[in-house]
């Protein structure tokens, strides 16, 4: 099969999130195949195929990417929602073997890890489009080996190193295909962009004991606006130095 989406979800709570995400993909992209790799025995109806996770590796998805049954593959984390049709997104894979978006919080020490220039940041691995083949399989194998060797929890450090050191061509997706901050939408003008894939940790907050389950873009926008105001208040404790829109009154 040429095109398809895969999720790798370990544990029932993450499978539930993957179901929610897959339903949004199917809603906007009818006919697009969607597969799940999991350790849970159930077979949610929204998925076209369910595969058994090959191991209990902490980043088992690194073992699953090259085993997808599609030629052009879109990997999505469970904490994503489709907001629009994918359109010609998969055509990117004909030109580039890998496509993914920049990570956010690029001022943080965590996201700076991995060496290389600041202008070459870590890439976010929660939304990845790739084309199957020997070259990508070798890259995935090297990524897992580097991750295991580093012994770090964050797999994007090893991903950054391989992309910087290697020769694999890749494309940087625009933010609307991996929307990590819904507050960006407040600044976008009508002709700027249409959000296509939302990727928000707010969808995980009920699993982290941080509140009720969130399921919609509108809920996330309210929560992120409040969180943004709080973060700026903590970063810049003098009201006159806060960004426009966060000053009192």
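Odds and ends about this structure:
- Every listed requirement among (1) assigned to a loop (DSSP other than H, G, I, E, B); (2) more than 26 Å from residue 15 (Cβ to Cβ); (3) at pLDDT 95 or above is met by residue 78 save one, (2).
For every residue, the table says whether it meets (1) at pLDDT 95 or above; (2) exposed (fewer than 14 other Cβ atoms within 10 Å of the Cβ); (3) under 17 Å from the mean Cα position of the chain (by Cα); (4) on the phi > 0 side of the Ramachandran plot.
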| residue | (1), (2), (3), (4) |
| --- | --- |
| 175 | yes, no, yes, no |
| 184 | no, no, yes, no |
| 187 | no, yes, no, no |
| 199 | yes, no, yes, no |
| 202 | no, no, yes, no |
| 209 | no, yes, no, yes |
| 228 | no, no, no, no |
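- Any hit, the stretch 144-155, residues being in contact with a helix residue (DSSP H, G or I) (Cβ under 8 Å, 6 or more places away or on another chain), within 25 Å of residue 90 (Cβ to Cβ) and without any contact (Cβ under 8 Å) to a residue 60 or more places away in the chain: no
- In this entry, residue 224 is excluded by the filter for residues that are at negative phi, part of a loop (DSSP other than H, G, I, E, B) and modelled with pLDDT under 95.
- Inspection of the stretch 118-132 identifies at least one residue that is more than 30 Å from residue 188 (Cα to Cα) and touching a residue at least 40 places away in the same chain (Cβ under 8 Å).
- Any chance residue 114 is crowded, with 20+ Cβ neighbours inside 10 Å and on the phi > 0 side of the Ramachandran plot: yes
- Test: residue in the stretch 157-166 that is over 26 Å from residue 115 (Cβ atoms) and either touching a strand residue (DSSP E or B) at 6+ places or on another chain (Cβ under 7 Å) or not in a loop (DSSP other than H, G, I, E, B) (or both): no
- Index of the failed condition, residue 81 passing every other in (1) within 24 Å of residue 145 (Cα to Cα); (2) touching a strand residue (DSSP E or B) at 6+ places or on another chain (Cβ under 8 Å): (1)
- Scanning the stretch 120-147 for residues that are within 28 Å of residue 203 (Cα to Cα) and part of a helix (DSSP H, G or I) returns 140, 143, 144, 147.
- Pair list, Cβ < 8 Å and 6+ apart or interchain, from the stretch 52-65 residues that are on the phi > 0 side of the Ramachandran plot and in contact (Cβ under 8 Å) with a residue 12 or more places away in the chain to residues that are buried (at least 17 other Cβ atoms within 10 Å of the Cβ) and part of a loop (DSSP other than H, G, I, E, B): none
The values are calculated or read from the model by the stated rules, or taken from the named source; none is laboratory data. Quantities reported herein were computed from a predicted structural model and do not represent experimental measurements. Neighbour counts run over all protein chains shown; Cβ positions are idealised from the backbone, glycine included.
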